[in-house]
Amino acid sequence: MTILLVDDDQDQLDLRTLLLEKNGFQAIPASTVTSAIREAKAQRPQCAVVDLRIPTEAAGLGLIRELKALDAGIRLFVLTGSDAKRINMLPEMALVEEVIQKGSPIAYLLRTLKDLANAEDPRLARLRAQLSKDKVVTFNVKAIPRASRSEVAGVTTDGVMKVRVAAVPDKGKANEELRDVLAAWFKVPKNHVELLHGETSQHKVWRVRN
């Protein structure tokens with residue numbers, strides 16, 4: 001799972017980035033609102049952990065609104081040293097998964113993020129169920145090349161499967177790696193995965209048979 005980390009305390013940002021990466025997450029650090037929005041547009045993280053005061057509470061609340069406007073499906077967690085009861089009454093908190101008090105053990109944040117990563121999106125689960133029932137499934141994929149790791153990365157806001165691949169889109173390398181990822185995810189042989197449309201496009205149509 002890809003996580004945007006936003007904090008203007010560089011030491012805390014470096015520490016959380018290191019801990020998340022050691023625990024198998026792809027961490028995207030950002031120390032300002034501007035850099036956070038830039039990274040969110042470029043890398044489309046599935047989740048964001050945001051320090052509410054960056055450097056002011058108003059800036060943090062604005063960032064929450066902007067991130068949700070950019071991707072309604074992003075899962076947001078807020079870190080704050082302010083009174084949690086007051087913070088939870090703010091209207092922006094309706095857009096947030098959880099407010100976590102600063103000073104809470106980092107293990108709690110890691111466990112929460114791991115639970116979130118392991119909870120498969122029901123739209124993806126339906127694809128697996130359809131393959132099991134019908135023995136074939138055709139679906140759209142948004143490919144994200146040049147990623148730090150290759151993985152099924154969730155779904156877009158309009159329900160399209162997102163797949164990250166480390167390969168570059170050159171001479172079919174990204175498509176071949178994407179085929180490998182899909183074969184492993186559906187647990188079928190590689191020759192059961194067929195690219196129907198979009199050989200040179202980021203948006204593709206694939207067919208998988210059981």
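Report the chymotrypsin sites (Phe, Trp or Tyr not before Pro) located in the range 149-210 that are in a DSSP loop and have at most 11 other Cβ atoms inside 10 Å of their Cβ, or state none.
Passing sites in the range 149-210 do not exist.
Cross-link partners among lysines for Lys187, C-alpha distance below 28 Å, same-chain residues fewer than 8 apart left out?
Cα-Cα hits under 28 Å: Lys22, Lys114, Lys133, Lys135, Lys142, Lys162, Lys171, Lys173, Lys204.
Please state, rounded to one decimal and in Å, the Kirkwood hydrodynamic radius that the range 122-209 gives when every pair of distinct Cα atoms enters the mean of 1/r.
Kirkwood hydrodynamic radius for the range 122-209: 12.8 Å.
Asn191: net charge of surrounding residues, Cβ under 11 Å, Lys/Arg +1, Asp/Glu -1, itself excluded?
+2
What order do you get for Thr80, Thr156, Thr34 when you list them from fewest to most C-beta neighbours inside 10 Å?
Ascending Cβ contact count within 10 Å gives the list Thr34, Thr156, Thr80.
Give the cross-link partners of Lys85 among the lysines, using a straight C-alpha distance below 20 Å as the criterion and excluding same-chain residues fewer than 8 apart.
Lys102
Excluding Ala40 itself, calculate the net charge of residues whose Cβ lies under 13 Å from the Cβ of Ala40, where each Lys or Arg counts +1 and each Asp or Glu counts -1.
My count for the surroundings of Ala40 gives +3.
Which loop GluC sites (Glu not before Pro) in the range 131-210, with loop taken from DSSP, have no more than 14 other Cβ atoms within 10 angstrom of their Cβ?
Of the GluC sites (Glu not before Pro), the ones in loops of the range 131-210 whose Cβ has at most 14 other Cβ atoms within 10 Å are Glu199.
Efficiency by 1/(1 + (r/R0)^6): what FRET value for Ala166 and Ala58, r their Cβ-Cβ distance, R0 = 30 Å, to the nearest 0.05?
My answer for the efficiency is 0.20.
Return the inverse of the average 1/r over all pairs of distinct C-alpha atoms in the chain, which is the Kirkwood hydrodynamic radius, in Å to one decimal.
About 18.3 Å, per the Kirkwood formula over Cα pairs.
Over what distance in Å are the Cα centres of the range 43-90 and the range 140-155 separated?
Computed from Cα coordinates, the inter-centre distance equals 25 Å.
How would the range 2-118 be classified by its alpha-carbon gyration tensor: rounded, prolate or oblate, with rounded meaning a/c under 1.5 and the a/b versus b/c comparison settling the rest?
Rounded, because the longest to shortest axis ratio a/c is under 1.5.
Just so you know, all these numbers are worked out from the coordinates, no wet-lab data involved. Keep in mind the model is a prediction, meaning the values are calculated, not measured. Because the Cβ atoms are built from the backbone with ideal geometry, glycine has one as well, and the counts that use them run over all protein chains shown.
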